[in-house]
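Data block below; observations after.
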Amino acid sequence: MSNILQFKKPSLKKKAKEKTLCSNGFHKWEVVTENQFDTRSGKLVTAYYCPRCGKKKTKAH
Ligand SMILES: [Zn+2]
């Protein structure tokens with residue numbers, strides 16, 4: 001039992017730290033679609049997604 005508790009504690013701490021990073025604007029951006037043509041802006045855009053908090057963003061080129 002004690003082994004499980006010891007294993008669980010650091011991961012919970014890590015999760016809280018990652019959430020803090022997100023709330024401070026330091027997201028873990030991962031590319032979803034690269035150089036996709038956006039018809040609304042008429043530009044190539046890359047879509048990003050943060051798996052930690054679920055936020056999305058697009059960047060025009
Ligand atoms: Zn995030």
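Values quoted throughout were computed directly from the atomic coordinates according to the rules given, and no laboratory measurement underlies them. These figures come from a predicted structure and were not determined experimentally. As a convention, Cβ positions derive from the backbone with ideal geometry for all residues, glycine included, and neighbour counts pool all protein chains shown.
Under a Cβ-Cβ cut-off of 14 Å, what is the net charge of the residues other than THR46 that fall near it, where Lys and Arg count +1 and Asp and Glu count -1?
Local charge sum for THR46: +1.
With Cβ to Cβ distances under 12 Å as the rule, what net charge do the other residues near PHE26 carry (K, R +1; D, E -1)?
+4
Provide the net charge surrounding THR58, with neighbours chosen by a C-beta distance below 14 Å and charges set as Lys +1, Arg +1, Asp -1, Glu -1.
So the surrounding residues net to +3.
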